[in-house]
Amino acid sequence: MINLNFSLTKNRKDKACEPLNIAADTHVGLIRELNEDSFVYCINDPGCNALVAVADGIGGHDSGNIASNICARMVATAWRNLGLDRESSDKKLEAFLHSEICRANDYIFEINQRYHIQHPMGTTVVSGLFYKGGVLVAHAGDSRCYRYRAGKIERLTEDHSFVAELVKKNIIKPEEAQYHPFAHIISRSIGPAPAVELEVNNFKRIHRDRFMFCSDGLTNHVEDAEIQRIIGKADDAYEAVKMLLKAALRGGGEDNITIVCVFT
C-alpha cells in the first residue's frame, strides 16, 4: 500500500516561499497498521499562491490509502502544471480547484468500476488555495479547515457526515456527535459515486491569520479549545503541527492523524 506524504515546495529558508509559512506531518496513530491519509502542499516561485490538501482514505473500504494518494497527487500536479500566478482571479482559482477535485473523483470512480471493487475505494478531502488577500477552501467529508485570528479559532468547514446532519436538525447535541455509533459515516466523499457535491467557499485573509487543515484523527481526540491554545502559542507552523500531533497521540491516537498548518 502507498501512503503519500510529500511537498512540492522549495526549502523553507528560500525567500521565494515568504510570506507563507507552511508545515505538515502525518502519523499512523497508535492503533492502526496502515496510514490511509495523504497530504500535499505546494508554493509557487513568487510565493504568492499556495495549494494545500489533506485526504483521508475512507476507513473500511478497499484501498483507501490509494484513493487519498490519487486525490492529493492529481490536484497538486494540476496546480503545478497550470502555473497560476499572482494575477489569477479568485474565480479562476475557484474553477480550477473545483474542476480538479471533481476530475480526481472521476478517475477514482472509473477505477472502482473497471475492477469491480466490492467496497469502492474513496477519500475525504479538504483543500486550500491561497492567493493574495484570500483563501479558497474546498472539501467533501469530515476533514476540516480552521482559521485562527485575534486569539480565536473558527471552523471554516462543515462536516459532511450522518451525525453532522443530526446535529443540524437538533436531533442530537454537538457534544454527542463524536460518540454516536454512526459517527464514522460520511455523506460526501471522493471516488465511490460518479459525481461529488463539492463545497467551495472563499474567505478573506489578513496578516497573521493562521490556518490548519486536518483529518479527523486530530479532531476526534483534541477539542477545539485545545487546538486554539496550541495554534495561538506556536511560534511557527512547524511548532504548531508538532504540538497538535502530540496532543492527538496523547488523546488516544485511534486513527491516522494528518495536519497542515499555514501561517500568514
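Worth a mention:
- Leading residue by the ranking (farthest from the chain's Cα centre (by Cα)) among those in the stretch 247-257 that are surrounded by 15 or more Cβ atoms within 10 Å (Cβ to Cβ) and without any contact (Cβ under 8 Å) to a residue 60 or more places away in the chain: Gly251
- When the stretch 130-150 is limited to residues that are in a strand (DSSP E or B) and either on the phi > 0 side of the Ramachandran plot or modelled with pLDDT under 95 (or both), the one that is surrounded by the fewest Cβ atoms within 10 Å (Cβ to Cβ) turns out to be Gly134.
- Count of the stretch 184-212 residues which are open to solvent by 40 Å² or more (accessible area, probe 1.4 Å) and on the phi > 0 side of the Ramachandran plot: 1
- Residue that is nearest to Ile230 (Cα to Cα), among those in the stretch 100-129 that are touching a helix residue (DSSP H, G or I) at 6+ places or on another chain (Cβ under 8 Å) and in a loop (DSSP other than H, G, I, E, B): Gly122
- Among residues of the stretch 96-125 being touching an Asp or Glu at 6+ places or on another chain (Cβ under 8 Å) and farther than 19 Å from Ala76 by Cα, the one that is least open to solvent (accessible area, probe 1.4 Å) is Met121.
- The test for being under 20 Å from Thr123 (Cα atoms), in a helix (DSSP H, G or I), at pLDDT 95 or above and among the small types (Gly, Ala, Ser) does not hold for Gly232.
- Of everything in the stretch 112-146 that is among the β-branched types (Val, Ile, Thr) and over 19 Å from Gly57 (Cβ atoms), the residue that is nearest to the chain's Cα centre (by Cα) is Val137.
- Qualifying position, being modelled with pLDDT under 95 and not hydrophobic (A, V, I, L, M, F, W, C), among Arg80, Arg73: Arg80
- Only residues that are modelled with pLDDT of 70 or more, more than 17 Å from Cys214 (Cβ to Cβ) and either in contact with a Gly (Cβ under 6 Å, 6 or more places away or on another chain) or part of a loop (DSSP other than H, G, I, E, B) (or both) were counted in the stretch 151-187, giving 4.
- Filter result for His61 (at pLDDT 95 or above and on the phi < 0 side of the Ramachandran plot): no
The values are calculated or read from the model by the stated rules, or taken from the named source; none is laboratory data. All figures in this text were calculated on a predicted structure; none of them were measured in a lab. Glycine also receives a Cβ, built like all others from the backbone with ideal geometry; neighbour counts cover every protein chain displayed. Note: areas computed on protein heavy atoms with side chains; ligands, DNA, RNA excluded. Shrake-Rupley method; radii C 1.70, N 1.55, O 1.52, S 1.80 Å.
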